[in-house]
Amino acid sequence: MDKNLEAYLKSLDFDDEDIENFCILVPSLEYVEYQQALDCIEAVVKAGYPKDDIDSLIFSNPGFLVCDPKYIANKLAALGDDVEAKLKADPTLI
Amino acid sequence: MSKLIAKINATKKFLANLLNITEEEAESMIDKQPSLINYSTQQVWKKDDAGNVVYANVIIDRMSFYRDVFRVPAELSEKKFFRMIASHPAMLNTSEETFMAKMEAIKSTLDLTDAELRKFVVGNPQVVLLDCSANGKNTTIAKIAKFRSVLSMDEILDNPMIMNVPAQKFTIRYMIAKNAGARDAFVNGGFMYNEKKVYARAQYLATLTGTQYASSEIFSDKFEKKFGVLDAALAVQYPLDAAAIASIEATYAANNRRPITLKPEERNAVL
């Protein structure tokens, strides 16, 4: 895994076992670049999801970190208002 | 390279048709699970052991397997079934034998009925895709054992997404919610909220006089707007530090039959 991405995930208090589980669920996390993952997080935060709660979103759906950030942005735009409430009710919307 | 691109495009079209999703959503599945492009997109005929002519396509076979497991469409609508698979492409990369072994492990350890097991897994397929043994602190069974100390099995089955709380953060989040009188709201989605934010909100609300509010509002996405505050500022004013944790533990102990003391790894995850 990109060392910077690993460091970032650890800064969110995920441990080695959590990160290993993320890679089981989403094998391409081993290869995604840190900047791409950050861009996906930025897309989510920009759409209205609170940055404070990003750890729960990652835990529920680590796959969004490897998507095309434009795809994330488009999916969230289609949700309309209340992105935070909708994503918390169903993190797999992205 | 052009062969690879052709393969990716063929897989996108195949998945989009199979799951009734857009090609962009199918591409997202491939982004998460690149090995999907290794599977054939052709619907080739073969004969099974009984001599019947059937499709020989791993993905279609697995979809058929999952249809049986989850009783589609009798118990699970086709729309929700497709959504489950599209959101968890790792399911298409898991053999039937492995999947059933994990289902059985969860069922027997938690003493679930078949219907309870299906409901649980449909609500959160990740629980079956990860390690289902009793080893390790973040495996499904180990986490349920932890959560069962304060939640009923019915609550877990009714809210399977609660399994996505990091194990070392569950207890503090639960205690803060319980102390604030918002236990039910915690179980029904409040567990997704950062503990520092929720603690600060609860402390702030406790200072309000003459204002009507429900305890569950500590989990509201409209909190900042309603109360005219910023979560970032509240977190500075009411930090979740060692003294705060001691206070949370003391308050919890005073109001519940069984006190809880955070384990060192739980404390470290917060401080």
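The values are calculated or read from the model by the stated rules, or taken from the named source; none is laboratory data. Please read all numbers here as calculations on a predicted model, not as lab measurements. For neighbour counting, all protein chains shown are included, and Cβ atoms are generated from backbone atoms with ideal geometry for every residue, glycine included.
Filter the range B:223-237 down to the residues that are under 16 Å from A:K51 (Cα atoms) and buried (at least 17 other Cβ atoms within 10 Å of the Cβ) and list them by number.
Across the range B:223-237, the qualifying residues are B:F223, B:D231, B:L234, B:A235.
Going residue by residue through the range A:17-32, is there one that turns out to be touching a helix residue (DSSP H, G or I) at 6+ places or on another chain (Cβ under 9 Å) and closer than 18 Å to A:V83 by Cα?
no
Hey, B:T94 hits all of (1) closer than 25 Å to B:E266 by Cβ; (2) free of Cβ contacts under 8 Å to residues at least 40 places away in the same chain; (3) within 11 Å of chain A (Cβ to nearest Cβ) but one; which does it fall short on?
Failed condition: (1).
Just to be sure before I move on: is A:V26 β-branched (V, I, T) and at the interface with another protein chain (Cβ under 9 Å from one of its Cβ atoms) in the structure I sent? Can you show your working first?
Working: β-branched (V, I, T): yes; at the interface with another protein chain (Cβ under 9 Å from one of its Cβ atoms): yes.
Yes: the conditions hold for A:V26.
Could you tell me which residue of the range B:63-91 is nearest to B:Y39 (Cα to Cα), considering only residues that are among the small types (G, A, S) and surrounded by fewer than 19 Cβ atoms within 10 Å (Cβ to Cβ)? Please lay out each step first, then the result.
Residues of the range B:63-91 that are among the small types (G, A, S), as a first pass: B:64, B:74, B:77, B:86-87, B:90.
Narrowing further to those that are surrounded by fewer than 19 Cβ atoms within 10 Å (Cβ to Cβ): B:64, B:74, B:77.
On the way: B:S64: 16, B:A74: 29, B:S77: 26 Å.
Here the answer is B:S64.
To keep it simple, each residue is scored yes or no on (1) touching a Cys at 6+ places or on another chain (Cβ under 9 Å); (2) closer than 16 Å to B:I176 by Cα; (3) part of a helix (DSSP H, G or I).
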| residue | (1), (2), (3) |
| --- | --- |
| B:E224 | no, no, yes |
| B:A233 | no, no, yes |
| B:S247 | no, yes, yes |
| B:A250 | no, yes, yes |
| B:A254 | no, yes, yes |
| B:I260 | no, yes, no |
| B:E265 | no, no, yes |
| B:N268 | no, no, yes |
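Which of the residues spanning the range A:37-49 are within 10 Å of another protein chain (Cβ to nearest Cβ) and either buried (at least 20 other Cβ atoms within 10 Å of the Cβ) or in a helix (DSSP H, G or I) (or both)? Even if it seems obvious, please write down each step before you answer.
Step one: of the range A:37-49, the residues within 10 Å of another protein chain (Cβ to nearest Cβ) are A:48-49.
Result: A:Y49, single match.
Among the residues of the range B:256-267, is there at least one that is away from chain A (no Cβ under 13 Å), touching an Asp or Glu at 6+ places or on another chain (Cβ under 8 Å) and in contact (Cβ under 8 Å) with a residue 24 or more places away in the chain?
The answer is yes, given that some residue of the range B:256-267 is away from chain A (no Cβ under 13 Å), touching an Asp or Glu at 6+ places or on another chain (Cβ under 8 Å) and in contact (Cβ under 8 Å) with a residue 24 or more places away in the chain.
So which residues in the range B:180-222 are assigned to a loop (DSSP other than H, G, I, E, B), more than 12 Å from chain A (Cβ to nearest Cβ) and surrounded by fewer than 21 Cβ atoms within 10 Å (Cβ to Cβ), if there are any at all? Full working, then the answer.
Residues of the range B:180-222 assigned to a loop (DSSP other than H, G, I, E, B): B:180-182, B:188-189, B:193-194, B:208-214, B:220-222.
Cutting the leftovers down to more than 12 Å from chain A (Cβ to nearest Cβ) gives us B:180-182, B:208-214.
Hits for the range B:180-222 are B:G181, B:L208, B:T209, B:G210, B:T211, B:Q212, B:Y213, B:A214.
In the range B:154-179, how many are surrounded by fewer than 21 Cβ atoms within 10 Å (Cβ to Cβ), more than 9 Å from every other protein chain (Cβ to nearest Cβ) and closer than 19 Å to A:E84 by Cβ?
1
Residue-by-condition table, conditions (1) charged (D, E, K, R); (2) under 26 Å from A:I58 (Cβ atoms); (3) more than 18 Å from the chain's Cα centre (by Cα):
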site	(1), (2), (3)
B:S64	no, no, yes
B:R67	yes, no, yes
B:R71	yes, no, yes
B:K79	yes, no, yes
B:M84	no, yes, no
B:H88	no, yes, no
B:M100	no, no, yes
B:E104	yes, no, yes
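Cβ contacts < 9 Å: first residue free of Cβ contacts under 8 Å to residues at least 12 places away in the same chain, restricted to the range B:29-49; second residue among the small types (G, A, S) and outside any strand (DSSP E or B), any location; separation 6+ or different chain. Result?
Here the result reads B:D31/A:S28; B:D31/A:G63; B:P34/A:S28, each pair linking the range B:29-49 to a residue that is among the small types (G, A, S) and outside any strand (DSSP E or B).
Going through the range A:50-75 one residue at a time, which ones are more than 8 Å from every other protein chain (Cβ to nearest Cβ), surrounded by 16 or more Cβ atoms within 10 Å (Cβ to Cβ) and within 11 Å of the chain's Cα centre (by Cα)?
A:I58, A:P62, A:F64, A:L65, A:P69, A:I72, listed by residue number.
Kindly indicate the residue of the range B:138-172 that is outside any helix (DSSP H, G or I) and in contact with an Asp or Glu (Cβ under 7 Å, 6 or more places away or on another chain) and also modelled with the highest pLDDT among those meeting that condition.
First, the residues of the range B:138-172 that are outside any helix (DSSP H, G or I): B:138-139, B:148-152, B:159, B:165-166.
Next cut, in contact with an Asp or Glu (Cβ under 7 Å, 6 or more places away or on another chain) only: B:138-139, B:166.
Numbers: B:N138: 51, B:T139: 71, B:P166: 83.
Per the stated criteria, the residue is B:P166.
With respect to A:A78, determine if the residue is free of Cβ contacts under 8 Å to residues at least 40 places away in the same chain, more than 9 Å from chain B (Cβ to nearest Cβ), surrounded by 21 or more Cβ atoms within 10 Å (Cβ to Cβ) and assigned to a helix (DSSP H, G or I).
On the way: free of Cβ contacts under 8 Å to residues at least 40 places away in the same chain: yes; more than 9 Å from chain B (Cβ to nearest Cβ): yes; surrounded by 21 or more Cβ atoms within 10 Å (Cβ to Cβ): no; assigned to a helix (DSSP H, G or I): yes.
No, not satisfied.
Out of the range A:81-94, which residues are surrounded by 16 or more Cβ atoms within 10 Å (Cβ to Cβ) and either under 13 Å from the mean Cα position of the chain (by Cα) or outside any helix (DSSP H, G or I) (or both)?
A:L87, A:K88, A:P91, A:T92, A:L93, A:I94
Any residue in the range B:178-186 that is without any contact (Cβ under 8 Å) to a residue 24 or more places away in the chain and of a type in the set (A, V, I, L, M, F, W, C)? Step through it out loud before you land on a result.
Step one: of the range B:178-186, the residues without any contact (Cβ under 8 Å) to a residue 24 or more places away in the chain are B:183.
Okay, now just the ones that are also of a type in the set (A, V, I, L, M, F, W, C), so none.
No, the range B:178-186 has no match at all.
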